[in-house]
Structure formats: C-alpha cells, structure tokens
Amino acid sequence: MAAREILGKMLEFDTDNHLKNRDDWNEQVAIELAKEEGILELTDRHWLVINFMRKEYMEKGNAPSIRKLTKESGVETKELYSLFPKGPAKKAAKVAGLPKPTGCI
Amino acid sequence: MKKLLILGGGTAGTIIANKLHEALDQSKWHITIVDKSETHYYQPGFLFIPFGIYTSKDVMKPKRDFYPRGVEVVIAEIDKIDAGNNRVLLKNNQILSYDYLIIATGTHIHPEETEGLIDGNWHKDKFDFYTLEGACALQNFFKSWEGGKLVLNIVEMPIKCPVAPLEFLFLADAYFTNMGIRDKVDIHFVTPLPGAFTKPIASGILGDILEKKNIRLTTEFGIARVDNEKKVIVSWDEQEIPYDVLVTIPTNKGDSAIERSGMGNEFNYVATDKDTLRSKNFPNIFVIGDTTDLTSSKAGSVAHFEAEILYDNFLNAVEERPMRAKFDGHANCFIESGFGKGLLIDFNFDVEPLPGKYPLPGIGPFSLLQETKMNHYGKVMFRWMYWNLLLRGQELPVTSNMTMAGKRY
C-alpha cells in the first residue's frame, strides 16, 4: 500500500499500484494515470474503453477481461493493444481507477 | 422421488456423485449423471506423455468404474439447460427433468480461436498437450527431433492447471538433457502474464528456476496469430517470435452447452457464489470444478476441495437449512521440476503460494515452493490416490480449507 501525489492530492494505491479508493478517480486523474503508463493522450477510443470498464465494474464488481472487452465494448483486440500496449485489460483498469482484473488463477 | 441431475462425469462430477450418493437416502433420491464420453482421463498425466514417462494406457479408465452403483448413467451430449423449467435437453432429443442440478461440464481447449494455429501443421509442428491426441503426437515428434527452437506459448488466461506450462518446460529441460541434445534445444516460454506465474512470490521463485535451467522467458506477449510460412508467432503489437516446434496452451472455454443455455460469461463459465458454490441465478443449481466463474485455479485439487464444501451445503439446502460451509479458493499443486524432483504450492483466494512445510507444519513430508525429491514422489503417488481415493469421494489426509500453519510469511 502506498500513497503518492497526483494533481496536488495524496492518493492511495493498492499492492498492484492501482488506485485504492474509487472516489479519488476523475477524468483529470485518469489523464495523469495514463501518462504514468506512457499513454500521452487519451483519445475518444481510449475513453470508450475506460467508460465501458467503469460501467462493467460498477455493475459486476469486477473489471472485464480482454475477451469481454473485445466482445462487448466494440473495440477489436488489435486496437485494444494499440490503445493500451502490452496488457490492455490491466492497463485500462489502472487508468480507469479500478483494481487489477481478477481473470487469472 | 427427488431427482438430482449431475451434468459431467469428469473429476468434479464423479467425486460429488460418490459423496452425495453415499449421503442421500436412496429410497427418496434418484441420481442421474450425463456425460458424452465413456472414458475417464487422468488429465495430470497428459503432461508426462510427450516425454515418454506415461503412455496413453496410464491415463485412461472406464468412467463407469468410478460412478457409484445405483446411479443412472446417460451417455449423451447436452444441448441446453432450460433452468427456468428445471430440465435439461440432450442432443439425442431426450429431456431430463430435475429437482436439483449440479453442473460439472468442465473446460476444454479451443485452438481454433487463434488465427493460423490449427491451419496446416497442427499436430505436426504445432502441438497441444491438454488432449491425449496432442500429447501422443508430441511424444512421437520428440522421439526423432534433433533440436531447434521450442516455443511454449499460453494464448490467454485463465487456463486449466496454471502450473502445467511450467512443469512442461522443466520436464523438457530434463528430457533433452538426458537425450544429450540440450545444447541444441532453445527452450522459450512466451506468456501473456507479466511473470513466470500469476502470484508474485511463486512467480519470483519459479522465474529463478527457469533462469537456472536456461529457459528463456518473454512476458506480456498476447498472441494474435501464427504465421505458418515464416514459422513465427505474432503478437497483437506485431512482435514476432520464431519457432521450429510450437507447443500451445490454447484458449480455454467452458462447455458450449453453457453458452447455448445463456448461463455463461465470455468464457462460458457459470456465475457461481464463491462461498456456497450455488449458482448466482438459480437456487436449485450448484456448480463445481472448472465450470465455475470463480478466480480459483481450474484444477483437480480445487474440484476436490469444492466437493467437500458443496456436499455440506447441498445437504443443508435440500433440507431448507442455512448453508454454512464456505469455499476459500483452496488449491494445491505438485510441480514436477525434472531430474526426479518437484515443488508443491498451496494457496487460496487471499493467500498466495508461500514457502513452508505441508501438510504437517514443520514436518512435511512435503516442502512448499522448494525443489525436493519427496515432492516428486508425492506427484508420482498421487496418481494412485486419484484413482483409488479421490474420485471415489474418500477422505484424503488434507483439509479442504487452506491453513496458514506451516507456511512462512
């Protein structure tokens, strides 16, 4: 558990380095979190994925897998990887201020 | 007569059938098991086939030998579950009604989900080892292989038995060393995960073993397709990794009947309450083993621990008493590491695999997260326990919920 400063405010992060408190998240925080992941600009396509993830999380209590993102967000896997390089589900969850998806093990 | 219907007669379905048949009053209950196949496969044994340690006859027995006497067995494919009307439609047009349903239809590999994987040289230079056919084809291939690039790739998580890919790598290292061609074989593990395993402490220890055994590791590789002409696997971000032989752990999905029934998630796994193992949507349906959408490992040990919990909750539910047993996500797995040694891991939803002794604190005889000869003997003996005790629903000398005693943290 660690706290660090984002936009002048101390925010808490979990052991996976994802935002701990859902209420600390807003669009400005997302832009900062994206920069930490090397994503310099959040386009409409990024926001589509981020908003889908947040909606899923609020409804189901779990951030979706890549397969679910592809199936239901309308963004193809290939594009997901270009928007959120390396691990799209994990990275998009991080920018969306959600815990790491519990897809594995 | 009340009717209990069990879909799937694999590890989970067979264990729970044996346990409940023993406990339920046979003058009041009729138990039916549905499965499409007559053969029970000891799936942990598939791993040993490519390296000539087991043959197909070591891993196959008739399913009927393990079902309790007195249950009705229907050999048929399931079309769909009509949960709203408490009935199951079979592909042979038979309709089975139930008072209670237990779904144990498991998970299967789907290599066709990855572009180029089964085109062309499937089971010639691209193999799986999660089916008997795949494992046997790979055994034949290895017999005359003179070396080259061996790539082991996990397509996407979750997979059945998440330690099996690591065991495959360790056994391959030992096999090619014994063949005298280890210096001609480049073993390369390519995974979508950020490390060798999903949990940090085990991932670190297992990653060190890979390095010690000179096995290359590429992480965060999401495979998009196989280019059969160039013999490379290509990621979604266009990285290429060349292979001479590709061993794949394809996408795992639950049974298609779950999809047809509209009861599954994106991988056809059934929404299951993580404590009670009851369906989240239907109070007279329970779910066990690889079929659940829980984050516990998809493994036989998990099915066995779940069976203890489900048994307790089922017997209370049918009497309309509160369900008290809670599943904790407990899994334990032997990990063969080659050269007559093995590791053991023991973990649950909340506690990652830790070092220590198991099952007796401080004594063992098994050592957690450490390579020992005793752990290897444990794995070897386990096949006997599986056929003779576990499938028959008998008690094993381990607790169903995980214990912290004996673990170092």
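No lab work stands behind these numbers, since they all come straight from the coordinates. Since this is a predicted model, take the numbers as computed values, not measurements. So basically every Cβ, Gly included, is an ideal-geometry build from the backbone, and we count neighbours across all protein chains shown.
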For the stretch A:36-48, Karplus-derived ³J(HN,Hα) couplings (6.51, -1.76, 1.60; θ = phi - 60°; whole Hz; x for glycine and proline) come out as 4, 8, x, 9, 7, 9, 9, 8, 4, 5, 4, 5, 4
Which of A:Ser65, A:Ser73, A:Ser82 moves the most in a Gaussian network model of chain A with Cα springs under 10 Å?
A:Ser82
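Let me know the volume per residue of the alpha-carbon convex hull for chain B, in Å³.
Per residue, the Cα convex hull of chain B comes to 136 Å³.
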Rounded to the nearest 20 debye, what is the charge dipole size of the stretch B:158-273 about its Cα centre when +1 sits on each Lys and Arg Cβ and -1 on each Asp and Glu Cβ?
280
Could you compute the longest span of chain A free of GluC sites (Glu not before Pro) located in DSSP loops and having at most 13 other Cβ atoms within 10 Å, not counting the site residues?
A:1-40
Return the single residue from B:Gly13, B:Gly222, B:Gly120 with maximal mean-square fluctuation; model: Gaussian network over chain B, springs between Cα atoms under 10 Å.
B:Gly120
Would you work out if the stretch B:110-250 is rounded, prolate or oblate? Take a ≥ b ≥ c from the square roots of the eigenvalues of the alpha-carbon gyration tensor; rounded if a/c is under 1.5, else prolate when a/b is larger than b/c, oblate otherwise.
rounded
Show me the GluC sites (Glu not before Pro) within the stretch B:306-391 that DSSP assigns to loop and that have at most 12 other Cβ atoms within 10 Å of their Cβ.
B:Glu319, B:Glu320
The stretch A:44-74 and the stretch B:287-317 have their Cα centres apart by a whole-number Å value of 29
Over 31 Å between alpha carbons, listed pairs A:Lys90/B:Lys126; B:Lys19/B:Lys341; B:Lys199/B:Lys253; B:Lys3/B:Lys36:
B:Lys19/B:Lys341
Peptide A:78-86 - average C-beta neighbours from other chains (10 Å radius)
3
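Using DSSP to define loop residues, name the trypsin sites (Lys or Arg not before Pro) in the stretch B:117-170 whose beta-carbon has at most 15 other beta-carbon atoms within 10 Å. Write down the numbers at each step before the final one.
Values: sites: B:Lys124, B:Lys126, B:Lys143, B:Lys149, B:Lys160; in loops: B:Lys124.
Loop-located and lightly packed - B:Lys124.
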In nm, what is the difference between 0.36 nm times the number of residues separating B:Asp125 and B:Gln239 and their Cα-Cα distance?
39.0 nm
5 Å is the cut-off here: which amide hydrogens, built 1.01 Å from N in the peptide plane, fall below it relative to A:Ile6, excluding neighbours closer than 5 in sequence?
A:Leu11
Evaluate the distance, in nm, between pseudo-label points positioned 7 Å from the Cα of B:Leu315 and of A:Glu36 along their respective Cα→Cβ axes.
5.0
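At 222 nm, what value in deg cm²/dmol follows for chain B if DSSP H runs of at least 4 each add -39500 (n - 2.57) and the sum is divided by all its residues, to the nearest 500?
Details: 7 runs with 91 residues, N = 409.
Here the helix-only value at 222 nm equals -7000 deg cm²/dmol.
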For a label point 7 Å from the Cα of B:Ser97 along Cα→C-beta, name the residues of the stretch B:282-325 whose backbone N is under 19 Å from it.
B:283-285
Less than 16 Å from a label point 7 Å out along the Cα-to-Cβ axis of B:Asn228: which backbone N atoms in the stretch B:120-141 qualify, by residue?
B:120-128
Tell me whether the stretch B:1-135 comes out rounded, prolate or oblate; compute the Cα gyration tensor, take square roots of the eigenvalues as a ≥ b ≥ c, and use a/c under 1.5 as the rounded threshold.
oblate
The answer for trypsin sites (Lys or Arg not before Pro) in the stretch B:207-237 that fall in a DSSP coil and have at most 16 neighbouring Cβ atoms within 10 Å is B:Lys230
Label-reachable residues, the stretch B:200-219, where backbone N falls under 18 Å from a point 7 Å from A:Thr15's Cα toward its Cβ
B:200-207
Quick one: grab the alpha carbon gyration tensor of the stretch B:331-390, order the square roots of its eigenvalues as a ≥ b ≥ c, and give me rounded if a/c is under 1.5, else prolate or oblate depending on whether a/b is larger than b/c.
oblate
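Determine the percent antiparallel among the DSSP beta bridges restricted to chain B, to the nearest 5. Spell out each step's value before the answer.
Details: 38 of 76 bridges.
Here the share of antiparallel DSSP bridges comes out near 50 percent.
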Calculate one ³J(HN,Hα) per residue across the stretch B:119-129 by plugging θ = phi - 60° into the Karplus curve 6.51 cos²θ - 1.76 cosθ + 1.60, and present them in order as whole Hz with x for glycine and proline.
6, x, 8, 4, 6, 10, 10, 10, 9, 10, 10
